[in-house]
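Coordinate-derived values only; no laboratory data. For clarity, every value in this text was computed on a predicted model and none was experimentally measured. Virtual Cβ from ideal backbone geometry, glycine too; neighbours counted across all protein chains shown.
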Amino acid sequence: MKRSSMLAAFVAPLFAGCLGSTAALPGGAQSSAIAADKSNKAPHASSVVVVIMENRDYDLIIGSKDAPYINKHLVPQAALMTNSHAIGHPSEPNYLAFFSGSTQGVGDDSCPHTFSTANVGEELIAAGATFDGYSESMPYDGFTGCSSGEYARKHNPWVNFTNVPASSNLVYQGYVTPSTLTIVVPNLCHDMHDCSTQTGDRWLKANLPPFLGYGKQHDGLLVLTWDEAAPDGNGQNQIATLLLGPMIKPGKYAQDITHYSTLRTIEDIFGLACTANACNAYDLKGMWR
């Protein structure tokens, strides 16, 4: 063992004992310190699955009779972010922001675009981990066209980046064993863009259980969110964002967050460098067991 390693091994327990112990604190202070430590636990998971839905205001999802699976099954076991906001309108800038920490200067749903900037997918791959993006109804793996039936490239951010391999651009046809990071985008009907809230809720009921089951067995986190609010009734672009997994304490969390916050949290879970505007965002906090 190197001398520096031996020194670190000897000193670390001493510092841990000095900084981590609450034995010398009065009873009330000790309890408060322990509670604060638990509530401030850092984000962690062995894998993350993100499912991105479309075009619904927060209050058109949460508490809606049209979304019984979300409200009766998911919300009770989730960290529900009650102050979550998209980046802008329309769809495409939000997907780019979620994936790369920047809208990349895109302010519409135009196609195609090509970028080579940093993003969470290429960062994971460079770190020796795995990223896969799945788009429902895409004609075939690696497809680069702008649209096909119920598939739209504007909802598929990773295909725009030259530093993300074509092998990570995959067709979603049902449950897959999660990669380190897996992003699933339903088609234009199932994501609520072209079809009803009820249709999207039924799709979630049919598709999320195996991902949730995997998470329970393997310490995996599932994030369910929406790209943007529509019709954006309060002008705040407020969307529903839910975190589910064995590491999550269910409840309502009022932290003011955006897609950049969720991206920063994912990056920090895997020890990645923050990307663009995500560097100015804060981790989602308070819900980690």
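General remarks:
- Label point distance in nm, Arg202-Gln173, each placed 7 Å from Cα along Cα→Cβ: 2.3 nm
- Residue-by-residue Karplus 3J(HN,Hα) for the stretch 94-106, coefficients 6.51, -1.76, 1.60, Hz, glycine and proline x: 5, 5, 5, 5, 5, 8, 10, x, 7, 7, 6, x, 8
- Euclidean distance between Cα centres, the stretch 193-254 to the stretch 66-119, Å: 12 Å
- The chain: relative contact order as a whole-number percent, Cα under 8 Å and 6+ apart: 32 percent
- The slack between Asp232 and Asn40, meaning 0.36 nm per residue of separation minus the straight C-alpha distance, is 65.9 nm.
- Model label zone, Thr130; criterion: amide N under 19 Å from point 7 Å along Cα-to-beta-carbon; scope the stretch 210-236: 210-223
- Helical runs (DSSP H, four residues minimum) scored at -39500 (n - 2.57) apiece and divided by the length of the chain put the mean residue ellipticity at 222 nm at -9000 deg cm²/dmol.
- Positive-pole candidate from Ser148, Asn169, Ile239, dipole of the stretch 44-280, charges at beta carbon: Ile239
- Scaled radius of gyration (Cα, divided by 2.2 N^0.38 Å) that the stretch 44-280 gives: 0.91
- Loop chymotrypsin sites (Phe, Trp or Tyr not before Pro), the stretch 95-158 (other Cβ atoms within 10 Å of the site Cβ: 13 or fewer; DSSP): Tyr140
- With each label modelled as a point 7 angstrom along the Cα→C-beta vector, the Lys72-Thr162 pair spans 5.2 nm.
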